[in-house]
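Here is the structure we will look at.
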Amino acid sequence: MTLHRKNAFQFTRLVGDVKERFDNLDGLMPSPAGVAAETWLFVGAHDDDVCIGAGFSLMAAVQAGVDVQVIIVTDGRMGYCTAEQEPHIVDIRHRETLASFAILGLPAEAITFLGYPDNDLAAWQGRRKARAQDPTHGGYTGLQNSFTWHLRRLRPHRVFIPAESDTHPDHKITYTELMISIFHATGAIWPELGLPLDDAPMIYEAAIYENFRTPPNLEVRADADAFQRRLQSVLAYESQGQIAGVIAEIEALGPYEYLYEHAFPHYAPGQYRKMFE
Ligand SMILES: [Zn+2]
């Protein structure tokens, strides 16, 4: 079974001008009990964002025994490319999503579909009392309600998220709503959504549409087999008319993926003191 080959991925962490190289995730991301004891949460605004932006990271995590969980925020209803697709596009993309993640090694049980309307996330920012038909946990609805619920349920050590720099509104809103929900999830508010997290997870931004605002500090390099697998996972979204262009870009870049890793940026004004002394 090729899925468990050793060293299918090579990792580089930039620390200033120093390039630290690793051939396993435990070297790249040392933790007390090892990454196999961790939960990683990959959040995509749309079904194809994770495999395009962080597919190698997800595959590497699955192979390392991490408990990998995925949340897809929108239902893809605006992603039709033909008139025939329009009434069926949500079901079509649901099937394509399961097929794509299966290629990356992830079973359907690890994927949560929030079902918020594609291209309309602005209407679901924040948290409010649920009305009939609204998605709900604890009688409330909205992105912050859903994210806080799932963060406290899954309790991830690391969260992969569309980069802050992406200007697609669904990506931007997913970023801001998830980040403030991490803040909420570590606090005492909204007790009906679960027990507060002990610590904020580490954040990994993955760019899809625009260049990173802060340059990435991690590179993942895949071997030929993993590269082909990721290409197939993108091709699984065959209903998407623009997929050929995405594939061409991935093939032109080669088997590389970039992430901006950072801790949750709690405001710590003490760091600015020396600038004003
Ligand atoms: Zn997207």
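Here is how the numbers come out for the structure above:
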{"quantity": "Yes/no for Ala122 being part of a loop (DSSP other than H, G, I, E, B) and exposed (fewer than 15 other Cβ atoms within 10 Å of the Cβ)", "calculated": "no"}
{"quantity": "Test for Gly79: is it in a loop (DSSP other than H, G, I, E, B) and within 16 Å of the ligand (Cβ to nearest atom)", "calculated": "yes"}
{"quantity": "So Gly245, is it modelled with pLDDT under 95 and among the small types (Gly, Ala, Ser)", "calculated": "yes"}
{"quantity": "Residue match in the range 51-74 (condition: over 21 Å from His262 (Cα atoms) and charged (D, E, K, R))", "calculated": "no"}
{"quantity": "Close pairs from the range 30-49: first within 14 Å of Gly65 (Cα to Cα) and outside any strand (DSSP E or B), partner away from the ligand (no atom under 16 Å from the Cβ) and of a type in the set (Ser, Thr, Tyr), Cβ under 8 Å, at least 6 apart", "calculated": "Ala37/Ser31; Glu38/Ser31"}
{"quantity": "Pair list, Cβ < 8 Å and 6+ apart or interchain, from the range 254-277 residues that are aromatic (Phe, Trp, Tyr) to residues that are exposed (fewer than 10 other Cβ atoms within 10 Å of the Cβ)", "calculated": "Tyr260/Pro215"}
{"quantity": "Per-region count, the range 36-49, residues farther than 18 Å from Val234 by Cα and either within 16 Å of the ligand (Cβ to nearest atom) or touching a Lys or Arg at 6+ places or on another chain (Cβ under 9 Å) (or both)", "calculated": "4"}
{"quantity": "Options Glu210, Glu164; residue that is under 29 Å from Gly34 (Cα atoms), within 16 Å of the ligand (Cβ to nearest atom), surrounded by fewer than 20 Cβ atoms within 10 Å (Cβ to Cβ) and of a type in the set (Asp, Glu)", "calculated": "Glu164"}
{"quantity": "Total residues in the range 39-78, condition over 26 Å from Leu197 (Cα atoms) and of a type in the set (Val, Ile, Thr)", "calculated": "1"}
{"quantity": "Subset of the range 119-169 (residues that are touching a strand residue (DSSP E or B) at 6+ places or on another chain (Cβ under 7 Å), within 24 Å of Ile203 (Cβ to Cβ) and among the charged types (D, E, K, R))", "calculated": "Arg127, Arg155, Arg158, Glu164"}
{"quantity": "Matching residues, the range 216-238, being within 16 Å of the ligand (Cβ to nearest atom) and free of Cβ contacts under 8 Å to residues at least 40 places away in the same chain", "calculated": "none"}
{"quantity": "The listed residue being touching a Phe, Trp or Tyr at 6+ places or on another chain (Cβ under 9 Å), of a type in the set (A, V, I, L, M, F, W, C) and over 28 Å from Glu238 (Cα atoms), out of Ala110, Ala130", "calculated": "Ala130"}
{"quantity": "Some residue of the range 100-115 being surrounded by fewer than 22 Cβ atoms within 10 Å (Cβ to Cβ) and assigned to a loop (DSSP other than H, G, I, E, B)", "calculated": "yes"}
{"quantity": "Subset of the range 50-76 [hydrophobic (A, V, I, L, M, F, W, C), in a helix (DSSP H, G or I) and more than 16 Å from the ligand (Cβ to nearest atom)]", "calculated": "Phe56, Met59, Ala60, Ala61, Val62"}
{"quantity": "Neighbours by Cβ (under 7 Å, 6+ apart or cross-chain): first from the range 203-215, on the phi < 0 side of the Ramachandran plot and in contact (Cβ under 8 Å) with a residue 24 or more places away in the chain; second crowded, with 21+ Cβ neighbours inside 10 Å and part of a loop (DSSP other than H, G, I, E, B)", "calculated": "Glu205/Ala163; Ala206/Ala163; Ala207/Ala163; Ala207/Asp166; Ile208/Asp166; Tyr209/Asp166; Glu210/Asp166; Phe212/Ala163"}
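Residue by residue, here is whether (1) assigned to a strand (DSSP E or B); (2) away from the ligand (no atom under 16 Å from the Cβ); (3) buried (at least 17 other Cβ atoms within 10 Å of the Cβ) holds:
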| position | (1), (2), (3) |
| --- | --- |
| Gly126 | no, yes, no |
| Trp149 | no, yes, yes |
| Arg152 | no, yes, yes |
| Pro156 | no, yes, yes |
| Ile173 | no, no, yes |
| Leu178 | no, no, yes |
| Asp198 | no, yes, no |
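The values are calculated or read from the model by the stated rules, or taken from the named source; none is laboratory data. Only a predicted model underlies this, so the values are computations on that prediction, with no experimental measurement involved. Cβ sites come from the backbone with ideal geometry, for glycine too, and all protein chains shown count toward neighbours.
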